[in-house]
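Have a look at the structure below, then the notes.
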Amino acid sequence: MLDAFSRSVVSADASTSALSGADINTLKGFVAEGNRRLDAVNAIASNASCMVSDAVAGMICENQGLIQAGGNCYPNRRMAACLRDAEIILRYVTYALLAGDASVLDDRCLNGLKETYAALGVPTTSTVRAVQIMKAQAAAHIKDTPSEAFAGAKLRKMGAIVTEDRCASLVAEASSYFDRVIAALS
Ligand code: PEB
Ligand code: PEB
């Protein structure tokens, strides 16, 4: 498992070169912007149970066969496994976002997941849909702009210090980790 720092070292080592000025500058930026990264991770982690249940509910709303006999969220045991899996995936995305590197997500969550799902008959398109909803939710929570239209009484704003760009680079980075999940399952 790597993070932004160990990744720079491994990359430099692979080309038997010293860390470059550009590498150091990138890491300087990582440190300088560390607090907003922690806020982004916290925005996701502290809303995780709401996000997961909403994403799985949304997936099921759009495909109610999932909770009928023969569907992969039927009976309750499978529904529970599905909620658990969505939470596991979201948790590994938060680890990657904290580390600034996808390796923990790749190695400990996505490695072999597609094969596992194929063996269990877990439908990929539905899983991907739940992940897409979590991607939209995570963007809204990092920007601290979750809407009442989607959350109703459960709306939760973090009251974060709003930067001019609303942490666009962290939204993009988090989105890339969700895209990685989608790519690994597709
Ligand atoms: C991966 N998921 C399931 C299993 C495993 C995983 C290993 C089999 C063992 C078990 O049931 O616990 N476990 C999971 C994971 C890690 C891990 C990501 C990473 C570290 O250790 N069914 C649906 C939805 C989807 C779903 C589309 C989004 O219809 C999930 C949720 N996963 C689902 C279901 C099962 C399962 C197991 C329903 C149970 C399948 C079955 O037993 O028939
Ligand atoms: C499921 N939720 C969101 C989306 C969908 C659902 C389809 C849009 C995803 C996208 O853009 O691709 N929709 C929902 C559902 C049905 C449906 C269950 C069933 C009929 O049609 N916001 C908070 C809470 C947390 C939350 C803490 C409620 O403040 C969730 C749990 N859901 C949330 C967020 C978004 C969302 C989308 C933040 C992002 C969009 C937004 O807030 O504007």
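Throughout, read-outs are computed from the coordinates displayed, never taken from laboratory work. All figures in this text were calculated on a predicted structure; none of them were measured in a lab. Positions of Cβ are generated from backbone atoms using ideal geometry, with glycine treated the same way; all protein chains shown enter the neighbour counts.
Could you tell me the largest-minus-smallest coordinate of the C-alpha atoms of the range 74-151 on each of the three principal axes, in descending order and whole angstroms?
38, 31, 19
Which of the three applies to the range 25-91, rounded, prolate or oblate, going by the alpha-carbon gyration tensor with a ≥ b ≥ c and a/c under 1.5 meaning rounded?
Since a/c reaches 1.5 and a/b is larger than b/c, the shape of the range 25-91 is classed as prolate.
What net charge do the residues around R37 carry, taking every other residue with its C-beta under 13 Å from that of R37, with Lys and Arg at +1 and Asp and Glu at -1?
Computed value for this residue: -4.
Between A149 and Y74, 0.36 nm times their residue separation minus their Cα-Cα distance comes to what?
24.1 nm
Hydropathy at least 0.5 by Kyte-Doolittle, axial extent at least 18 angstrom from the Cα trace: which helices of the chain, defined as entire DSSP H runs, fit?
Helices passing the filter in the chain: 48-62, 168-185.
Which lysines, if any, have their Cα less than 19 Å from the Cα of K143, not counting same-chain residues under 8 positions apart?
Excluding near neighbours in sequence, the set is K135, K154, K157.
Between S169 and K114, what is the label-point separation in nm under the 7 Å Cα-to-beta-carbon projection?
Here the answer is 3.1 nm between the modelled labels.
Treat each spin label as a single point 7 Å out from the Cα along the C-beta direction, and report the V10 to N63 distance in nm.
3.2
Once label points are set 7 Å from the Cα along Cα→Cβ at both M1 and S186, what is their separation, rounded to one decimal in nm?
Using points 7 Å along Cα→Cβ, the separation is 2.8 nm.
Please give every one of the aspartates and glutamates within straight-line cross-link reach of K114, meaning a C-alpha to C-alpha distance under 13 Å, and leave out same-chain neighbours fewer than 8 residues apart.
Filter leaves D85, D106.
So what's the chain giving for Rg/Rh, alpha carbon basis, Kirkwood Rh from the mean inverse pair distance?
1.02
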